[in-house]
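Some notes on the structure that comes next.
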């Protein structure tokens, strides 16, 4: 029996908490870690993050671009890191931000979500800006295989605000682009929610965005995973998660990358435990 990604997310959060550790091997971090700026370097970097995360967190999020820049060798390194994380029982969110239409989007789904694919991950970040309904076949594919998507809705980068706050007219009336994306995906979730009322198609909602100005719902219906970047180096504090997300806080996966990774390989485990403690305190 296929277990829905929403169910997997809920169970991972109950077992390990809500922290997601980003695997972002920036060139500066590779240098700080005394690793080569190469495919071999990003592979070793990824392995060390996975080793420190195993048994501590339920999620890791490799940023695909830092592996892709080394071509086929970098992709092979990414495959190895993804496999190591999943073998350690960690849910892998591939941060690739794919978005297209028709057979091209189906190809992305096959690459990242098909069981047995070399890049098989548990979830994939996707862009809805060719129209949210362009993702419906991918959502169906993901649901069929117990995978998830995280649809860009309200991202943490300031440049996105003008687009995501723009007004559009829907059958329900005028709303923002961000709210329209959430509404469209939530319709799919309503038809496919698990026994606990969780959908498997999640959203990227930055911890640094002003949600009220974007017209976002105070409570997702049905509840769905929220991947929240913006903690740590981007300015948001994990201790403020409850206040930032309100009624949606129980389904927020708090993603932090640089703030943890700057601790270096020797301090990585302590940094992860420290962030977990911050989240445990804010969740009570």
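Structural remarks
- The stretch 145-284 - share of DSSP beta bridges that are antiparallel (%, nearest 5): 25
- Each 5 Å bin from 0 upward holds the following percent of the Cα-Cα pairs of the stretch 5-283: 1, 6, 13, 18, 20, 18, 13, 8, 3, 1, 0, 0.
- The slack between residue 101 and residue 87, meaning 0.36 nm per residue of separation minus the straight C-alpha distance, is 1.9 nm.
- Computed from Cα positions, the angle between helix 264-283 and the longest principal axis of the chain comes to roughly 30 degrees.
- Note on residue 73 and residue 258: the model spin-label points, each 7 Å out from Cα along the C-beta direction, lie 2.7 nm apart.
- Between helix 71-87 and the chain: long-axis angle, C-alpha atoms, 0 to 90°, nearest 10: 80
- Within the stretch 1-81, the proportion of Cα pairs with more than 19 Å between them is 43 percent.
- Ellipsoid semi-axes in whole angstrom, largest first, where each is sqrt(5λ) of the Cα gyration tensor of the stretch 1-150: 25, 19, 12
- Spin-label proximity, residue 233 to the stretch 27-48 - amide N less than 11 Å from point 7 Å beyond Cα toward beta carbon: 27-30
- Axis of helix 39-53 versus longest Cα principal axis of the chain: the two differ by about 70°, to the nearest ten degrees.
- Here each label is just a point 7 Å from Cα along the line to Cβ, and for residue 65 and residue 168 those points are 2.3 nm apart.
Here, each number is a calculation from the coordinates, and none is a lab measurement. What you see is a predicted model; the values in this text were computed from it and never measured. Virtual Cβ from ideal backbone geometry, glycine too; neighbours counted across all protein chains shown.
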